[in-house]
Structure formats: structure tokens, C-alpha cells
Amino acid sequence: MTSSSDRSPAVDVRSSKTYEIRTYGCQMNVHDSERLSGLLEEAGYLRAPEGSDGDADVVVFNTCAVRENADNRLYGNLGRLAPKKSSRPGMQIAVGGCLAQKDRDTIVKKAPWVDVVFGTHNIGKLPVLLERARIQEEAQVEIAESLEAFPSTLPTRRESAYAAWVSISVGCNNTCTFCIVPALRGKEKDRRPGDILAEVEALVAEGVSEITLLGQNVNAYGSDIGDREAFSKLLRACGTIEGLERVRFTSPHPRDFTDDVIAAMAETPNAMPQLHMPLQSGSDTVLKAMRRSYRQERYLGIIEKVRAAIPHAAITTDIIVGFPGETEEDFEQTLHVVRKARFAQAFTFQYSKRPGTPAATMDGQIPKEVVQARYERLVALQEEISWDENKKQIGRTLELMVADGEGRKDGATHRLSGRAPDNRLVHFTKPDEEVRPGDVVTVEITYAAPHHLLAEGQVLNVRRTRSGDAWEKRNAAEAAKPAGVLLGLPKVGVPEPLPAATGGCSAH
């Protein structure tokens, strides 16, 4: 094993090689991909144009191991790239992330045209490993067993000019029976509060006005440094940073969600009235089998306290349907919690085996048709509740942070899109004056659908911001890049607010 000092600026490919990163999984992987982009650009690579579809000189797969078919998806994509690689001397393929950490040498055996395999703990080594593979003309497989450098110390190419992820911890100390992530990401390791706040202040100085504090179990922050109220203190400290308008976090664990965190959310002006609280199941029996260290009463008690302290909070969740041994009575308990909690939105998933997890070998695996039927009932109930909760927003006046790329029909409807303080997506009538992503508009909600709101009247107010200036400056700089190596417009907007995969890195 070579030392972490091998991540060296001496690796430089100023020959205008391009790179493409394909990201799968949760927010932690998205954030890691921003680091990988920063590392490659520091080493002289240029981001390939949008839609390059494997035509870059380096293609990196940042993988997820949460889903049962994650490896099939990876090898299918690698197989489609094999002909391109054989016809393009010098092209390189790298595989990193959770699946790489889990499968290691298997990847090169199944796909010998892969040049580099690296794990979750040593993403900073990617440029060095690519160069080593090129010189030695053989695959480089390097999997660190523990964290070499905290990801936030690495170079970054953020996807948004005005919103940023800030990692406060990595790893997870939980032992949920459906989740393999702790085995791949390691035990929880917390950053020092001063380092986190210094990063936030630096981001704000660059024009960022919204941050999302990120961790596998974000409100367990402090267990590694011996302070059980460290997370609430961190939230309050973020509230003192001038120019920081919005603070969010994901994802907490009900076990660690204490009253001091609720108080900090309610009393910190820039802490947004939004909470993503994974439920997974409403059945105490299933929660015990999942090793989720809370029960239905505890969960609903948290929701009640949050609503009492923050009346307009939008609460979202993750739910798994069809966990091994789940009976019809167990499933009815999940429906009961959904009715009581009245989530603004729920990310619902049919249970699938994760190789290497205790749940994969449990008795009582549920037939696919039963899981599908339950899933459809849950989705129908949640759709009804989401719509009802959104209708309560009609007539409210809200401040939206303008986004780019979140309204797929904006061009056809002559609208723009933005996020409300509670993170609901709102499409609004485009005003006469220029409005940039990162700017703030005030609108009145006129219509509600299950997954979005409309503000069809005139915009009541437009506030140009430093974040809008940062977006404008960034776009101008990228548009000035030489033809043929344009990075393409970045995906600007609030980082995805919710986990893409339940039970994954930040969905505990």
C-alpha cells in the first residue's frame, strides 16, 4: 500500500484529455463525484461535454452496492464501453465507490479492460492510479481499508454555483440488517467542528447561499468526539454565518434525534423547515428484525414534537415494503404511520436482497407479487396525502431560491422553478426582469399537484443575490472555454434533497 501522499500534483495531463463521471446511489456518492471531478481537473483533465456517453478519454463509474442488481448494471455498462475502448488507444476506465470496495478483484476478472479499481476510502488516489495504469500498462486495484483523507480536504468541482454539500462525518456505526454500507464505508468518523465551519465560511465567500450538512447518520455527529449535543451546536453555529441563507441536513436517524436538535432547528433562522426522517417500516416487529433501534411510538413522537416546534415543516421519509417476514398486519402498521405522520413525500422501495447483509438470508422472503401489491397500495395512499398536504400551500406567499434544470417543462411553459424553504418544488411565471439561479423570488401559490406547486400570478418580488452573481460568473467562464472541450452547463440548483437509495449511505 502506498501512502496518501501519492495524491500528487505531479500527475499532470495538460494534453486536454477529457473525463466523464457516472454516479450511482445516494448523496454521499454524488458528493464524492464532485471530489473526483476536482481531482481530475486539478490533474489537468477537462470535463467532457454533456451527453458524451463514453466518448471521454477517462470514464469513471462511482458505484453503489445498495441494490441487488447493482453489479449487473455496472457490468452491463462496462460491456457497452468495451468496443469503444478497443477502438480508442489510450482511453481509460475506472471503477470506484461502494461496489468497488465490496467486489475488489472481481471487477477486473469480469471486465479485464478496466484500468483502475479504487474504493470508498482512497478516492484521492484516482489521478495517480490512472497514471500508473497508463505507464505500467496493467490494471491498478487499490482498496484502502480505512479512510486516508477526509473527502472534504480534496479538490472539488461543485455541480452548483450556489448550493453545496458539506460532509460532517463519514461511515456509520449502525447494524441495520438490510444495509451493507457500514461494511463498505467503515465506522463513523467525525470532522472537527472548526473544520466544518471553516469550509462553510469559505463556500459562502465563493457565493454559496445554501448548504446541506451530509453524513450517513448526520445527527449522530459528535459520537466520535464525545459530545452528544454536537450536531445541534453545529446547526446553531451555522446560523451565525453571515450570508448563509439556508441550512439543510440529511439524513438523520430516529434513534439519535433528540430534543436539542428540534430546538436548534426551530431557533436557528437559516435552518430550513424541512426534515427527512427515514421510517423504513411502521411495524415494531419488522423494525426489530431490521435492527432499527426505535419503535412506532418513538417515531411518531418525534414527528409530533417537530410539528409543534415548526408548524410549517415538510417531513419526508423512506419506506421499505416487503422486508422478510413482513405480514399483512405489519404492512397495515406502516400504512397507519403514513396516515398519522402525513408525510409531504415518501421515497418508497420494494425490498431487494443486498448480498452480504443478514436480511438476504433471513427466512420469510416475501413473494414478488405480494410485495408489488403492497407497494402499489402504499404509493396510492402517499400520493393522496402528498396532494392534500400540497393543497394546504395554496394562497401562501413563499420565498423561492431559483433553480436551473429542475423544471423539465419550463421552456415550453415559459416558467422558472425554485425551491421553497421547506424544499417543495415550485414552478412560477417567468418575470419580465432577469432572474438567475441562486436569486430569490417571492410568489403566491395558486395550484397544487402531488409533487409540485404552481405560482401562476406575477412574481411579487425579485432579489438579486451574490449566489446569482456566482452562477453568472461561472457560466461566463465556462462559455469562454475553447471549442471542443466545453464542460457544458453545470447542473445548477439545490443538491438533490433526498436519498436516491433507501438504506444507503445517507438514508439511515
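The values are calculated or read from the model by the stated rules, or taken from the named source; none is laboratory data. All of these numbers come straight from a predicted model, not from anything done at the bench. As a convention, Cβ positions derive from the backbone with ideal geometry for all residues, glycine included, and neighbour counts pool all protein chains shown. These accessible areas exclude ligands, DNA and RNA; they are computed on the full protein's heavy atoms, side chains included. Shrake-Rupley method; radii C 1.70, N 1.55, O 1.52, S 1.80 Å.
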Conditions (1) without any contact (Cβ under 8 Å) to a residue 24 or more places away in the chain; (2) in contact with a His (Cβ under 8 Å, 6 or more places away or on another chain) -> A198 fails only (2)
message = One residue is enough: does region 456-463 have a residue meeting the conditions free of Cβ contacts under 8 Å to residues at least 24 places away in the same chain and either acidic (D, E) or outside any loop (DSSP other than H, G, I, E, B) (or both)?
response = yes
Inset, instruction - Inspect region 197-212 for any residue being in the same structural domain as T357 (by the TED database), open to solvent by 60 Å² or more (accessible area, probe 1.4 Å) and touching an Asp or Glu at 6+ places or on another chain (Cβ under 8 Å) and give the result as yes or no. - result: no
Over region 33-48, the set of residues charged (D, E, K, R) and not in a helix (DSSP H, G or I) is R47
Listed by first then second residue, the pairs whose first member lies in region 249-260 and is closer than 16 Å to E188 by Cβ and surrounded by fewer than 22 Cβ atoms within 10 Å (Cβ to Cβ), whose partner is modelled with pLDDT under 95 and hydrophobic (A, V, I, L, M, F, W, C), with beta carbons under 6 Å and at least 6 positions apart or on separate chains, are D256/A220
Within region 288-303, restricting to residues that are aliphatic (A, V, I, L, M) and touching a strand residue (DSSP E or B) at 6+ places or on another chain (Cβ under 7 Å), the one that is nearest to N173 (Cα to Cα) is M290
